[in-house]
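J.: Just dropping this structure here.
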Amino acid sequence: MSDLTDEIQRRRTFAIISHPDAGKTTLTEKLLLFGGAIHIAGAVKSNKIKKTATSDWMEIEKQRGISVATSVMGFNYGDYKINILDTPGHQDFAEDTYRTLTAVDSVIIVVDVAKGVEQQTRKLMEVCRMRSTPVIIFVNKLDREGRDPFDILDELEAELKISVRPLSWPINIGQHFKGVYNIYEHSLDLFTPDKQKVSERVEIDNVDDPRIDQAVGEADAAKLREDLELIEGVYPDFDRESYLQGKVAPVFFGSALNTFGVKELLDCFVEIAPSPRPVDAIERRINPDEPNFSGFVFKIHANMDPNHRSCIAFVKICSGKFERNAVYRNVRTGKTLKFSAPTAFMAQRKSIVDEAWPGDIVGIPDTGNFKIGDTVTAGEEIHFRGLPSFSPEMFKYIENTDPMKSKQLEKGVQQLMDEGVAQLFTNQFNGRKIIGTVGQLQFEVIQYRLLHEYGAQVRWEPISLYKACWIESDDAEALAQFRRRKHQFMATDREGRDVFLADSNYVLQMAQSDFPKIRFHFTSEF
């Protein structure tokens, strides 16, 4: 077996997704704890010191207590190399999360036992279903009062439209929570609420073992046996193949804050989750074990390090071995590039890497060579299928409040737009700049980052718009006529393409019926 095949088999690249507050960042922390990547979890807060979660390193995230940018973290666990992409749960940043899902081979969904499945989780599940991404579900916060585990399983099936199969089972819940029976490994883990230490494991032979009665009491032991019998009766045996096809989601129960049930999840995950899979390019299917390097940029992040005004392009490696200082090609521009300082990440700590393999994410310092969706190869002309950029739903005029800082503002806006958090349109009628986003929170983030990272002050001014649509037509005359009629509502995007800014659904429908020769698009890829 070659090095390449070995390295591919070892890798597990996945994203953790959930609704805000379900405990996703806490779960990420605890996985890092088991990988020895951090030694004390950020969840520890005392009055004198306030540690924040390792994966939330941007200033604004520390202030608001939410994750707004996808972090990439790699670590070794046993024989495996694990790459976690922690995604923002807040729906205003859904677009960043959708893109991240194109760069992973599987997903762990975190669900709060009290709240069950929430809207954001449903949306993300649709993206997984579209791509047949295998999913594991972690039901979190069992040390708090919540719903009956069987109800949660029914809800997961109904709301996420996927079959489920519990691989661990809780003994009681809330104040009486005593632990979890690991169905996958037939072992019993007892719960002791402690955020740093791992709970004790009772060695048992099977579910009828009398040691269970001693550990949790006869009543709970009897209920556990009854529940397990019901599970065996209702759910088919776990089948790894159906999981890999995205048809069945294994379910684990635990409390991430108390480091409970996390190791069971991780041990089973590394065993059953897929190693890097083939990726479809427009031209052909790319297998990870092909010798030639290929990868794509799924995210660009400005100012990873506030002392250096630099952008970093995150490249997901799809095939072959990536080598530092080798000559690679950006297919979109045709430029050949050499990367002397590619980095791998451990949240904000990054180290220079000499080589990386399929499934890994490398950060490449970017001085404006890359755009989201770019394909990088050892020379072959292939294009990985693009990453969608959705039509924004909220719009505001951006106004400079300090004319002395217009250069800083221009640079800041350009770099932040490269990250894909928002889109910039220039009104053709009055030349004013309009920022479009998917959610309100992004305006705050942009304003905050422009001020703190670029020293540029802006204010927002309201503009009432319903949708931005990209327009095209094979009939030049029809296009010119449309532009004349709608000149007050025409803008250009950063590529210089025509965008029609409709101020209501009615106006949009009228335009569509009045101009049959014009095609209206709601994503920037067409």
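The values are calculated or read from the model by the stated rules, or taken from the named source; none is laboratory data. Quantities reported herein were computed from a predicted structural model and do not represent experimental measurements. Here Cβ is always computed from backbone atoms with ideal geometry, including for glycine, and neighbour counts include all displayed protein chains. Side chains are part of the model used for accessible areas, which takes the heavy atoms of the whole protein and leaves out ligands, DNA and RNA. Shrake-Rupley method; radii C 1.70, N 1.55, O 1.52, S 1.80 Å.
J.: Can you pull out the residues in segment 167-190 that are part of a strand (DSSP E or B) and among the hydroxyl-bearing types (Ser, Thr, Tyr)?
T.: 168, 181, 187
J.: Tell me yes or no: at least one residue of segment 357-369 is among the β-branched types (Val, Ile, Thr), open to solvent by 20 Å² or more (accessible area, probe 1.4 Å) and closer than 25 Å to residue 483 by Cβ.
T.: No, segment 357-369 contains no residue that is among the β-branched types (Val, Ile, Thr), open to solvent by 20 Å² or more (accessible area, probe 1.4 Å) and closer than 25 Å to residue 483 by Cβ.
J.: I'd like to check something: does segment 127-141 contain any residue that is small (Gly, Ala, Ser), out of contact with any Gly (no Cβ under 7 Å at 6 or more places or on another chain) and under 22 Å from residue 86 (Cα atoms)?
T.: No: segment 127-141 contains no residue that is small (Gly, Ala, Ser), out of contact with any Gly (no Cβ under 7 Å at 6 or more places or on another chain) and under 22 Å from residue 86 (Cα atoms).
J.: Condition first: assigned to a helix (DSSP H, G or I), surrounded by 15 or more Cβ atoms within 10 Å (Cβ to Cβ) and in contact (Cβ under 8 Å) with a residue 60 or more places away in the chain. Can you find one or more residues in segment 430-443 that meet it?
T.: yes
J.: Suppose we filter 416, 409 for residues that are of a type in the set (A, V, I, L, M, F, W, C) and more than 24 Å from the chain's Cα centre (by Cα); which single one remains?
T.: On inspection, the qualifying residue turns out to be 409.
J.: Sticking with this structure for a sec: Looking only at segment 114-166, count how many residues are under 24 Å from residue 226 (Cα atoms), in a helix (DSSP H, G or I), touching a residue at least 40 places away in the same chain (Cβ under 8 Å) and open to solvent by 10 Å² or more (accessible area, probe 1.4 Å).
T.: So the answer is 2.
J.: Among the residues of segment 223-263, count how many are open to solvent by 10 Å² or more (accessible area, probe 1.4 Å), aliphatic (A, V, I, L, M) and under 19 Å from residue 138 (Cβ atoms).
T.: Number satisfying all stated conditions: 3.
J.: Just for segment 452-499: of the residues that are of a type in the set (Phe, Trp, Tyr) and either farther than 24 Å from residue 412 by Cα or in contact with a Cys (Cβ under 8 Å, 6 or more places away or on another chain) (or both), which one is most open to solvent (accessible area, probe 1.4 Å)?
T.: Filtering segment 452-499 for residues that are of a type in the set (Phe, Trp, Tyr) and either farther than 24 Å from residue 412 by Cα or in contact with a Cys (Cβ under 8 Å, 6 or more places away or on another chain) (or both), the one most open to solvent (accessible area, probe 1.4 Å) comes out as 466.
Yes or no, residue by residue, for (1) modelled with pLDDT under 85; (2) farther than 29 Å from residue 101 by Cβ; (3) aromatic (Phe, Trp, Tyr):
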position: 206; (1), (2), (3): yes, yes, no
position: 212; (1), (2), (3): yes, yes, no
position: 215; (1), (2), (3): yes, yes, no
position: 220; (1), (2), (3): yes, yes, no
position: 243; (1), (2), (3): no, no, yes
position: 246; (1), (2), (3): no, no, no
position: 251; (1), (2), (3): no, no, no
position: 254; (1), (2), (3): no, no, no
position: 258; (1), (2), (3): yes, no, no
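J.: For residue 275, state whether it is in contact with a helix residue (DSSP H, G or I) (Cβ under 7 Å, 6 or more places away or on another chain), surrounded by fewer than 22 Cβ atoms within 10 Å (Cβ to Cβ) and among the small types (Gly, Ala, Ser).
T.: When the stated conditions are applied, residue 275 passes them.
J.: Could you tell me which residue of segment 84-113 is modelled with the highest pLDDT, considering only residues that are crowded, with 24+ Cβ neighbours inside 10 Å and under 18 Å from residue 318 (Cα atoms)?
T.: Here the answer is 107.
J.: Take the residues in segment 1-16 that are part of a helix (DSSP H, G or I) and open to solvent by 30 Å² or more (accessible area, probe 1.4 Å), then tell me which one is modelled with the lowest pLDDT.
T.: Once the filter is applied, the top-ranked residue is 3.
J.: Moving on to the next point. Write out, first by first residue and then by second, each pair whose Cβ atoms fall under 6 Å of each other, whose residues are 6+ apart or on separate chains, and whose first residue, in segment 327-340, is free of Cβ contacts under 8 Å to residues at least 24 places away in the same chain while the second is of a type in the set (A, V, I, L, M, F, W, C).
T.: So the pair list comes out as 336/327; 338/327.
J.: Okay, next question. Out of the residues in segment 333-356 that are modelled with pLDDT under 80 and charged (D, E, K, R), which is least open to solvent (accessible area, probe 1.4 Å)?
T.: Among them, the one singled out is 350.
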